[in-house]
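Some notes on the structure that comes next.
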């Protein structure tokens, strides 16, 4: 088990290195692109990306989550199913693209081009899943970095040359092809691709609830684009997409690296509730100690951030960023709570939660967006009714750890919000100075949280990395 702990730490560090560099390059790319392309170009791209993400979800059919929790992992069967489904979807997109002119005359050709990624990702997704599940994430670092670098170089060059939405489309295709080639090299002679036919039906049948949850989860994550794309102009969609992208960049960087390691670990400890609960509390507390000060900062300082980083033409996105910052903070218990229940195979609870959440979001989102515009879609995200079944179930499973986590998060939220509020009141006459002083309080919060909650975690992690098993992982709290 100690070897598993070291393997997990190496994977986590590798994932964070990849995510940090990805964040820097991705943020720099988006900031430059914001000055080179128009909001409506970003809106067209966002809608096209929505269709292709829906295609990715259909191609996966819930298999990735299912295969990760099984002892027998038939990667060959999964790859075959994904390739067949992706080819069918690619042909479908080519056939119906001419009818998709609601979002402008360029949209059909844009989505035809981007549909290439469906087939590319059908393979690269399996290879990446293999490295994640077997905790070999360090082998995916270079492919991930090349992917984001390719996206940046291609999209920026074409945007500079005035290609607008095509800069984003070609950047997406080029980056996925580059990633697919390199991830294939990373898993050569490692990923078993033998076909065992009886596994095919078991794989599909075992994924049925996860597939339904994936559909509902997709509605929760991408439903805003669908609703706004049907009700608002591409320019308004562009403002929302920029605000949403910058806000969610925080959680994607902080959480994605942990997600790649935490779910396999949850699966390993699924039958050991004390360890599962401690791991759930530690992971949740760690990421919200990082995220809450940043979200609090954006809640009070988004207009300055947008003005400085994106330019005056994007100022309508500032109010959306402030409202979305609250979305990032209002529901911490399900961030890893969903993964706990998935590892425990409590698919019925997850299904209820995702269906309820998707119905509430889509219904309220449509009504509020029709009434209030883009801000209405943001307000719909405040309704976390769908998360209640997950929160209640996780609390029952790990009640003591859940209670301790609640008290710890109260300290985290109160500290960050209080500091940002004081800065906003004291320096209200000078928004730029306020933004600078408030920004300095972010690392202060991080250091304070580490001193309060760290409990020697750095020493423990370092001991594990140096393969000194004298310090058990059970000390981590």
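Counting only Cα atoms, the size of segment 232-469 along its three principal axes is 54, 41, 28 Å, in decreasing order. Among 267, 289, the ranking by other beta carbons within 10 Å of each residue's beta carbon, starting with the fewest, stands as 267, 289. When the chain is fully extended, how far beyond the present Cα-Cα distance does residue 181 get from residue 53, taking 0.36 nm per residue of separation? Result for the pair: 44.0 nm of gain on full extension. Rounded to whole Å, give me the distance from the Cα center of segment 322-384 to that of segment 32-109. Here the answer is 22 Å between Cα centres. Legend: ranking of residues 148, 384 from fewest to most surrounding C-beta atoms inside 10 Å; resulting order 384, 148.
The listed peptides 340-351, 311-322, 421-432, ordered by packing as a protection proxy, come out as 340-351, 311-322, 421-432 (highest mean of other Cβ atoms within 10 Å first). An ellipsoid equivalent to segment 282-410, defined through the eigenvalues of its Cα gyration tensor, has semi-axes of 30, 21, 10 Å when rounded to whole angstrom and sorted largest first. Label-to-label distance for residue 440 and residue 371 is 4.4 nm, based on points extended 7 Å past Cα in the beta-carbon direction. Model label points for residue 88 and residue 24, set 7 angstrom from Cα along the Cα-to-Cβ axis, are 4.4 nm apart.
Divide the volume of the convex hull around the Cα atoms of segment 362-457 by the residue count and you get 144 Å³ per residue.
The shape of segment 116-180 comes out oblate: with a ≥ b ≥ c from the C-alpha gyration tensor, a/c is at least 1.5 while a/b does not beat b/c. Note on segment 21-206: the C-alpha convex hull projects to 10.9 nm² when averaged across all orientations. For the pair residue 404 and residue 249, a Förster radius of 30 Å applied to the C-beta separation gives a FRET efficiency near 0.50, rounded to the nearest 0.05. If R0 is taken as 35 Å, the Cβ-Cβ distance between residue 383 and residue 307 corresponds to a FRET efficiency of 0.70.
Computed extension length for residue 235-residue 113: 41.7 nm, one decimal, from 0.36 nm per residue of separation with the Cα-Cα distance subtracted. If R0 is 56 Å, the Cβ-Cβ spacing of residue 161 and residue 395 corresponds to a FRET efficiency of close to 0.55.
Put a dot 7 Å past the Cα of residue 221, heading toward its Cβ, do the same for residue 359, and the two dots end up 2.3 nm apart.
When you restrict to C-alpha pairs under 8 Å that are six or more residues apart and normalise by the size of segment 304-443, the relative contact order lands at 22 percent. Put in line by how crowded their Cβ is, counting other Cβ atoms within 10 Å and starting with the fewest, 138, 381, 66 read 138, 381, 66.
Rule-based calculations on the coordinates, nothing more; no lab input. Everything quoted here is computed from the prediction, not taken from an experiment. Heads up, the Cβs are rebuilt from the backbone with ideal geometry, glycines too, and the neighbour counts pull from every protein chain shown.
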